[in-house]
Amino acid sequence: MTTVALLGNPNTGKTTLFNELTDKYAYVGNWTGVTVEKKVGQIRHSHTKVIDLPGVYSLNPITKDESVVTNYLLGHSPDLILNVTNASQLKRNLLLSVEVLELGVPVIITLNMIDDLKRTGHYYNLKTLSTELGCPVRTTNARNKEGLTELKADLVRDQSEIKPNLPLKLNYPLMVNQAIRQAATSLTKDYKVEPKFAHWLAIQYINNNKVVRKYATMHQLKPLLSQKAYYDAQKFDDQIFETRLSFIEKTLASATEQLQSTQHVAITSKIDKVVTHPIFGLPIFVGIFYLMFKLSFDWIGTPLSGYLDGFLSGPISSWANQFLTQAGALPMLRSLIVNGLIAGVGGVLVFIPQIFVLFACITILEDSGYMSRAALVTDRIMEMIGLNGKAFIPLIIGFGCNVTGIMAARTIEQPKERLITTLISPFMSCSARLPIYSLFVAALFPRHQALIVLSLYFLGIVVALFMAKFYHVIFKAKEHSVFIVELPQYHIPRLDIVWHGTWDKGKGFIKKAGTIIFAGTVLIWLLSNFGVRGYVTQIDQSFAANLGQILLPVFKPIGISTWQPISALLTGVLAKEVISSSMMVLFHTSNQTALIAMIGGSFTAISAYALLVFILLYIPCFATIGTIKSETGSAKWAAYSVISSLAISYTLAFLIFQIGSLLM
Ligand code: GDP
Ligand code: MG
C-alpha cells in the first residue's frame, strides 16, 4: 500500500480532488489533539491510499489546527505528496510548494482550477515550471474532472519506478546556507538523522517554524538549539523568505505565456494606467463602490425588495392567519407565527435582493480582475497606517461577513499585523447590517439612500484604519508581511462564475434566516409577549419594554427616545440581521411600509444617522466574537473587542447626535 498526501493552500480544491480520486467510503476521523477532520480514502482499483490534509499557507503554522500538516510531515514519510495549487494564484501558492519540495519526498504539483487561469489571459509553460521546480507539474479542473485520469495514473504508478525528485536547493544568502549546512551535517553525523530530512529540519528551524522548534527541543537536537539566538539575531527568516519569493518570481516570469492577443494585453495595460493611477486610482475606486451601492439600493435592490415585502406581508401573512384560525390554533401560537416569525424572519428575507445584487457586484469586480487592482490602490493607504494591501482582502471579505474576513486574515504572516487586522475587521460593514440600514434610509433619507449607505461603509473603513494606526503604534509593530497580488488580464465576467460566487457569498444569509435569525425572532417575541405577570397583551408591560426602559437614560444622549430600538439592539448581538426582525416584532407590524412610517415618526435624520453609526460599530455578533477568540487564541482579545467597539460606537454616535443637534 502506498500513501499519497494531498497538501495545499485552503480552497485550492483538495477536497474536491480527494472526492473524485477516492471511493466514497472514505475513513473520516480526527487528527490527534485537534478537531480538524482527517480523511483517508483509497484510489479505486489500486493499492494507493490518499490523505486529505488541511489547507495551509505555509508549513510554519499560525493556528493549532494548521500544525497538523507540519506534524504529519515530521512524523510520516508519504510515498508521494500531491501539492494542489490554485493556478491563478501561483505566486502565493508556490511559497508552500517550495517548503515541500525542500523535503525531498517525491512531489507532484497540480495547477488546479486551470479553467480560472485560462480566463485570466496567461498560461504557464509546464515544462519550464517542471524544470525549475524539479518535479512533475500537471493541470486539473477538479470541478469538471479535467486532467484527472492522467493525474490518477501518476498517483497509482509504482512510485519506485519513478526517479524521485531531488530536494529543491535554493540559493539562500551565504550565511544562511552555511548555517543550514553546518546544522544538517551535525544532525546527520551525531544524531543519525537522514541527510535530506536533516537539511529540511535545519531550514525550517532557522526559519522560525514553531512546530519544528518544539520538535527539536523535544528530541534535544543540540546543533539547532545551540544556535537559536544566532539565527534569530541575524533575521535569517526574512532572508529565507526573500530568497524564496524571488525564486518564485523568477520561475513564474520565465514560465509565463500569454494566451491573449497582444491587443488584449495592451488593453489591460491601458486600463491599468488609469485605474491604478497614483492620483485617480482612489477616486475611481470610490466611484465604483458608489455605483455598486446605487445599483444595490436605489436602482435594483430596493424596488425588488418592495415587491417581496408586499408578497410576504400581504398574501402570505393573511393566508397563514386564515389557515391558523381555521385550524383552531391558539391565539398565542397565531401571534408567534404571524407577528413573530413571518414578520421577523420575513423582515430579514425581504433584503435578499439588496444583498444579492451587492454580492453579484463584488463578484463581478473580483472576476473581471478589478479587485486585485483595488488591493494595489489601497496598498498605498494601508502602508501609511502600517498595514499593507494584504490586509485589504480580509477587510473586503468582511463586507460580506466579518467571520470569513477574520479567517482570511490568516494569510498575513506577521502576528502583530494579523492581530491588528483581526481587531479592525468587525468595523467592516457586513451584509447583516444592510437590512437595518435599508429600513432607516428608506424612512429618513429616501432620496439619498446609496449615499448614506456608502458613507456608513466608508466610516467603517475610516474607523478601522484609524484604529489600525493606533494599534500599530502601541503594539510597536515593526515587521511587515509581504504583499503579493497577482494582476490578471481583464476579461468579461462569465455568468456561471458570477452566479457561483454570488451564491457562495449570499447563501450564508439565507441559512442564517432559518437558524439564528429564527431563534432571535422567537426570543424577541417571547420577550415582548411576556412580562413579570406572565403573558401580556400590552407590549408596554413586557420584558422587552422593561429592559429597554431601564437602559433608556443610557441611550438618550445618542438620540434614542423610545425603548423599542434599544431592545432590538440587545438582540442584535445574536446576529445583526435580528435588529431589523426585532423592530418588526416590537413595533408590532408585519408590513415593511408601515414600519418605515413608524421609524420615520420616531427618529430625526440626525438621531437616525447616529443610531446607524452605533449599529455599524457596536458589539460584534456572537459568531464574530467567537472567531476572534479562536483566531487569536485568547478570550481576552475577544472581550477587548467587545468593550472597545462599544466605547467607540457610543462616542461617535454621541458626537454625531450632539453636534448634529446643535447645528440643526
Ligand atoms: P479545499 O479547501 O482545498 O479542500 O477546496 P475545496 O475542494 O473545498 O474547493 C473549494 C472550492 O473550489 C469549491 O467551491 C470547489 O467547487 C471549487 N473548485 C475546486 N476545484 C476547482 C476547479 O478546478 N475549478 C474551479 N473553477 N473551481 C474549483
Ligand atoms: Mg478541504
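The values are calculated or read from the model by the stated rules, or taken from the named source; none is laboratory data. The model shown is predicted, which means the values in this text are computed figures rather than measured ones. We place every Cβ from the backbone using ideal geometry, glycine too, and count neighbours over all the protein chains shown. These accessible areas exclude ligands, DNA and RNA; they are computed on the full protein's heavy atoms, side chains included. Shrake-Rupley method; radii C 1.70, N 1.55, O 1.52, S 1.80 Å.
Specify which residue in the list 171, 516, 124 is farthest towards the positive end of the charge dipole of the chain, using unit charges on the beta carbon of Lys, Arg (+1) and Asp, Glu (-1), about the Cα centre. So the residue we want is 171.
Students often forget the sequence filter, so: which aspartates and glutamates lie under 18 Å Cα-Cα from residue 64 once same-chain residues fewer than 8 apart are removed? Output for residue 64: 37, 52, 413, 631. Computed over protein heavy atoms with a 1.4 Å probe, the carbon and sulfur contribution to the accessible area of the chain reaches 64%. Working note: Karplus 6.51/-1.76/1.60 with θ = phi - 60° gives the range 244-256 the couplings 4, 5, 6, 4, 5, 4, 5, 4, 5, 4, 6, 9, 6 Hz, where Gly and Pro are set to x. The angle between the Cα long axis of helix 516-529 and the main principal axis of the chain comes to about 30°, on a 0 to 90 degree scale.
Sort out for me the Cα centre separation of the range 559-607 from the range 178-201, rounded to whole Å. For the range 559-607 versus the range 178-201, the Cα centre distance is 67 Å. Distance cut-off 31 Å, Cα to Cα: go down the list 49/512; 416/511; 512/636; 91/273; 169/390; 145/273 and report the pairs above it. Those over the limit are 49/512; 416/511; 145/273. Its DSSP H runs of at least 4 residues, each contributing -39,500 (n - 2.57), put the calculated 222 nm mean residue ellipticity of the chain at -19000 deg cm²/dmol, to the nearest 500. Relative to the dominant Cα principal axis of the chain, helix 449-474 is inclined by about 50°.
Projecting the Cα positions of 543, 473, 530 onto the charge dipole of the chain (unit charges on Cβ atoms of Lys, Arg, Asp and Glu, taken about the Cα centre) puts 473 furthest along the positive direction.
About its Cα centre, the dipole of the chain is roughly 740 debye, where the only charges are +1 on Lys and Arg Cβ and -1 on Asp and Glu Cβ. Taken per residue, the accessible surface of the range 524-662 reaches 40 Å², heavy atoms only and a 1.4 Å probe. With the Cα gyration tensor of the range 1-95 giving a ≥ b ≥ c as the square roots of its eigenvalues, does the rule (a/c under 1.5 for rounded; else a/b larger than b/c for prolate; else oblate) give rounded, prolate or oblate? Oblate, because a/c is 1.5 or more while a/b does not exceed b/c. Going by a ≥ b ≥ c, the root eigenvalues of the Cα gyration tensor, does the range 2-161 fall in the rounded group (a/c under 1.5), the prolate group (a/b larger than b/c) or the oblate group? Because its axes are fairly even, with a/c under 1.5, the range 2-161 counts as rounded. Evaluated with a Cβ-only charge set (Lys, Arg +1; Asp, Glu -1), the range 174-259 carries a dipole of roughly 440 debye about its Cα centre, given to the nearest 20. Charging the Cβ of each Asp and Glu at -1 and of each Lys and Arg at +1, and nothing else, the dipole of the range 2-161 about its Cα centre rounds to 360 debye. Full-extension gain between residue 535 and residue 458, please, as 0.36 nm times their residue separation minus the C-alpha to C-alpha distance. That pair, residue 535 and residue 458, stretches by 23.3 nm at full extension.
Beta bridges assigned by DSSP with both partners in the range 2-161 are antiparallel in approximately 35 percent of cases.
Subtracting the Cα-Cα distance of residue 325 and residue 646 from their residue separation scaled by 0.36 nm leaves 111.1 nm.
Counting only DSSP beta bridges whose two residues both lie in the chain, roughly 45 percent are antiparallel. Shape of the range 417-492 from its Cα gyration tensor (a ≥ b ≥ c, root eigenvalues): rounded if a/c is under 1.5, otherwise prolate when a/b > b/c, or oblate? Oblate, since a/c reaches 1.5 and b/c is not below a/b.
Applying 0.36 nm per residue to the separation of residue 282 and residue 554 and subtracting their alpha-carbon distance, the gain on full extension is 94.0 nm. For the range 2-161, the solvent-accessible area with a 1.4 angstrom probe is 40 square angstrom per residue. When the residues 428, 332, 1 are ordered by accessible surface, computed with a 1.4 Å probe over the protein chains alone, the sequence from largest down reads 1, 332, 428. Along the axis of the charge dipole computed for the range 210-293 (Cβ charges of +1 for Lys and Arg, -1 for Asp and Glu, origin at the Cα centre), the listed residues 286, 258, 221 are led at the positive end by 221. Take the range 174-259 with all the other protein chains still there, run a 1.4 Å probe, and you get 53 Å² of accessible area per residue.
Placing pseudo-labels 7 Å out from each Cα toward the beta carbon at residue 230 and residue 634 gives an inter-label distance of 3.3 nm.
The alpha carbon centroids of the range 286-357 and the range 238-264 are separated by 50 Å.
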